[in-house]
Amino acid sequence: MRILFITGEYPPQPGGVGDYTQRLAQMIAIAGHEAITLTARQGRWQLWRSTRNGNEALVAPGGRASWRLVAAGRLARLVSRIRPDWCHIQYQTGAYQLQVGINVLPLLLRRTGIASAITYHDLLPPYLFPKAGPVRDWVTLLPACAATAVIATNPEDEATLRNAGLQPRLIPIGANIEPALPPDYDRAAWRERLGVAAGEALIGYFGLLSPGKGVDMLIDLVAGQPHWRLLIIGGAATAPTDRAYAGTVQQRLATAGLRDRVIITGHVAAEHVSAYLSACDVVTLPFRDGASLRRGSLLAALAHGCAIVTTPPTSPATAAALTGAVQFAAAQPDAFATAISALLENPATRMRLSETARAVARRFDWQAIAAAHHEMYQTVVRR
């Protein structure tokens, strides 16, 4: 079976959806299928075949790559030339530069006999025009209405899709970075390399810089805690709003006394992410819309057994899954400061959270995720 994955981002481009797609395609290839990924970078198409050992670059289609609505027909013809059994869209509107050509692709593919699936990594609507209102939500759900199969990655989005009259499958994502420390890893040496002195606490954040993730609040917290250092593991995302936000973060750090107390690693290799997460005393993830199992950064922190402070989920099912594995705190400076301080003062609590976090992370096994996709490709009745 030939599976074509379409994603708006893909390594080496930064982004959790790209990391997820790469890992899923590799697992599908290991299962004996042909897994091909189509993406765009700097206005050009890129085509990859996944193997057990990584990616093999294929000859990409010519012409300028575009996710715009006017280019949707050309994209559908491109998919038809690849002749997949399934075209599987990994959907996150920001990864497609807020363009909606990808939203109509499942509708166009219905004429070709190619089965289509869409995995919603979030349900944020694209920008269309001023005061678009309900039209934006309609456009977001359009591919789900036309696709052969629909996948939600978390209970919150599953509930939203069901309330819209759809029947999604719930297939979780896995950790986008799994524990894999560099050879001869020495935690104390890595902390020293970061400039963390004895008696200082290292507070970590993992993920891309974007407005909804609360990094600005963490910077303000560290500014008021002279014995805390903040380690931001990651860098700017690709969307214009995210790049602008990253710029404001850098401006904030120019304030006297913060440049030396906040460390931004930028985009680093997976083993370095592992090393940095393991070096932290507490990992903080203040998602302004609440913790969610669609967050690869949260799952990575769980897999590394970090002592995590994050915001309460909106879904009772997600809250139940994370209870005992993380410390919840409202997305407010005082609440986060209190939760972090309590963990720093109680090593036994940090150890208990660490053990439970690893146990929870094992529920999101990549082999199980791949098996659920394999079952869907084999059994869903095509339209």
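The values are calculated or read from the model by the stated rules, or taken from the named source; none is laboratory data. Keep in mind the model is a prediction, meaning the values are calculated, not measured. Methodologically, a virtual Cβ is constructed for each residue, glycine included, from the backbone with ideal geometry; neighbour enumeration extends over all protein chains shown. What goes into the accessible areas is simple: the full protein's heavy atoms, side chains included, and nothing from ligands, DNA or RNA. Shrake-Rupley method; radii C 1.70, N 1.55, O 1.52, S 1.80 Å.
Results, tabulated for the structure shown:
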{"quantity": "Accessible-area ranking of E345, E156, E355, largest first, probe 1.4 Å", "calculated": "E345, E355, E156"}
{"quantity": "Helix-only mean residue ellipticity at 222 nm for the chain, each DSSP H run of n ≥ 4 adding -39500 (n - 2.57), per residue, nearest 500", "calculated": "-12000 deg cm²/dmol"}
{"quantity": "Tensor-based shape of the range 213-353 (alpha-carbon gyration tensor, a/c under 1.5 rounded, otherwise prolate or oblate)", "calculated": "rounded"}
{"quantity": "D19 - accessible surface, heavy atoms, 1.4 Å probe, Å² rounded to 10", "calculated": "50"}
{"quantity": "The chain shape via C-alpha gyration tensor axes, a/c threshold 1.5", "calculated": "prolate"}
{"quantity": "Candidate residues V268, V249: accessible-area rank, largest first, probe 1.4 Å", "calculated": "V268, V249"}
{"quantity": "Exposure of M217 as accessible area (Å², to 10), given a probe of 1.4 Å and all protein chains", "calculated": "10"}
{"quantity": "Accessible surface of the chain [probe 1.4 Å, protein heavy atoms]: carbon and sulfur percent", "calculated": "53"}
{"quantity": "Cut-off 13 Å between beta-carbons: net charge of the residues surrounding A40, Lys and Arg +1, Asp and Glu -1", "calculated": "+4"}
{"quantity": "Rounded, prolate or oblate (a/c below 1.5 giving rounded, otherwise prolate when a/b exceeds b/c) for the range 217-296 by Cα gyration tensor", "calculated": "rounded"}
{"quantity": "Vicinal HN-Hα couplings computed from phi for the range 164-170 (Karplus, 6.51 cos²θ - 1.76 cosθ + 1.60; Hz; Gly/Pro x)", "calculated": "8, x, 9, 10, x, 8, 9"}
{"quantity": "Within the range 324-383, chymotrypsin sites (Phe, Trp or Tyr not before Pro) in DSSP loop having at most 11 other beta-carbon neighbours inside 10 Å", "calculated": "none"}
{"quantity": "For the range 77-165, accessible area per residue (1.4 Å probe, heavy atoms of protein chains only), Å²", "calculated": "42"}
{"quantity": "Trypsin sites (Lys or Arg not before Pro) restricted to DSSP loop in the range 118-214 with at most 13 other C-beta within 10 Å", "calculated": "K131"}
{"quantity": "Radius 12 Å from Cβ of R358, net charge of other residues (Lys, Arg +1; Asp, Glu -1)", "calculated": "+1"}
{"quantity": "The chain - percent relative contact order, Cα under 8 Å, separation 6 or more", "calculated": "14"}
{"quantity": "With all protein chains modelled, accessible area of L181 [1.4 Å, Å²]", "calculated": "80"}
